[in-house]
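S.K.: There's a structure below that I have some questions on.
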Amino acid sequence: MHGGVMTRDARTADQQTPYRLLERDARLLVGVLATLTGSSLGDEDNPTLRRVRERLARDGALDDAEHRGEATAILGDLCQQLRYCRGEYDDERPGPEERVWTHQLRFPDEASARACADELREQSPLGVEVVPDHDGSWVHVVPADLPPDAGFEQRQTDLQELAERHGGQLDGAAGGRMDRRA
């Protein structure tokens, strides 16, 4: 809405566009979006990526232009939409990828894993779960910030130190937002 009047963009946001892209243009756009998505994971000082984030924020797709991880996820989602429009997927139109990243901490036994989980729960409102792993060790699954946000890197450092105090180690991070179709 602009000045109390619904704009054409607001009225048509969930409708299909009236014209189709040429295949070569759609293919090029997929490549450009894939390149931007990959680049946004690592280059925080890139002025072009900063302008892309600002544009996403201005258009209401991103709450804050500083949320690099969410901007990366949005670019990936847009790429998936174009791939769907090109006919690369036979199933339903893809929705946004899940925006959950977790850090896995590995421990030699359940008691160490539970002690670490208790300390994490005291420090933070993060979700913490202790689950048995296939090789008999124990793993914490801790919801995390989206990379490449600064909070993600700091959380990695903090969790590594905490795991070591309890005889474990940070075993990595994984996210549901990455392109699972590629």
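S.K.: Please go through region 60-100 and give me each residue that is in a helix (DSSP H, G or I) and of a type in the set (Ser, Thr, Tyr), ordered by number.
M.R.: Selection gives THR72, TYR84.
S.K.: Going residue by residue through region 81-90, is there one that turns out to be at pLDDT below 90, closer than 30 Å to VAL130 by Cβ and surrounded by fewer than 18 Cβ atoms within 10 Å (Cβ to Cβ)?
M.R.: Within region 81-90 (the criterion being at pLDDT below 90, closer than 30 Å to VAL130 by Cβ and surrounded by fewer than 18 Cβ atoms within 10 Å (Cβ to Cβ)), the answer is no, since none of the residues qualifies.
S.K.: Within region 123-135, can one find any residue that is outside any strand (DSSP E or B), among the aliphatic types (A, V, I, L, M), exposed (fewer than 12 other Cβ atoms within 10 Å of the Cβ) and at pLDDT below 80?
M.R.: No, region 123-135 has no match at all.
S.K.: Conditions: (1) at pLDDT 80 or above; (2) under 14 Å from the mean Cα position of the chain (by Cα); (3) more than 30 Å from GLY168 (Cα to Cα); (4) not in a helix (DSSP H, G or I). HIS103 meets all but one. Number of the miss?
M.R.: (3)
S.K.: Determine whether region 53-66 contains at least one residue that is under 24 Å from TYR84 (Cα atoms), aliphatic (A, V, I, L, M) and over 16 Å from the mean Cα position of the chain (by Cα).
M.R.: No, that holds for no residue.
S.K.: Can you confirm whether LEU56 is outside any loop (DSSP other than H, G, I, E, B), at pLDDT 80 or above and on the phi < 0 side of the Ramachandran plot?
M.R.: yes
S.K.: Right, here's the next one. Take ARG114 and decide whether it is in a helix (DSSP H, G or I) and within 21 Å of THR37 (Cβ to Cβ).
M.R.: Against the criterion (in a helix (DSSP H, G or I) and within 21 Å of THR37 (Cβ to Cβ)), ARG114 does not qualify.
S.K.: So THR48 clears everything in (1) over 15 Å from PRO148 (Cβ atoms); (2) free of Cβ contacts under 8 Å to residues at least 12 places away in the same chain; (3) part of a loop (DSSP other than H, G, I, E, B); (4) in contact with a helix residue (DSSP H, G or I) (Cβ under 9 Å, 6 or more places away or on another chain) except one condition, right? Which one?
M.R.: Tallying (1) over 15 Å from PRO148 (Cβ atoms); (2) free of Cβ contacts under 8 Å to residues at least 12 places away in the same chain; (3) part of a loop (DSSP other than H, G, I, E, B); (4) in contact with a helix residue (DSSP H, G or I) (Cβ under 9 Å, 6 or more places away or on another chain), THR48 fails exactly one: (3).
S.K.: Based on this model, can you work out whether ARG51 counts as of a type in the set (D, E, K, R) and closer than 30 Å to THR157 by Cα?
M.R.: Answer is yes for this residue.
The values are calculated or read from the model by the stated rules, or taken from the named source; none is laboratory data. The model shown is predicted, which means the values in this text are computed figures rather than measured ones. Quick reminder, even Gly has a Cβ in these numbers, built from the backbone with ideal geometry, and neighbours come from all protein chains shown.
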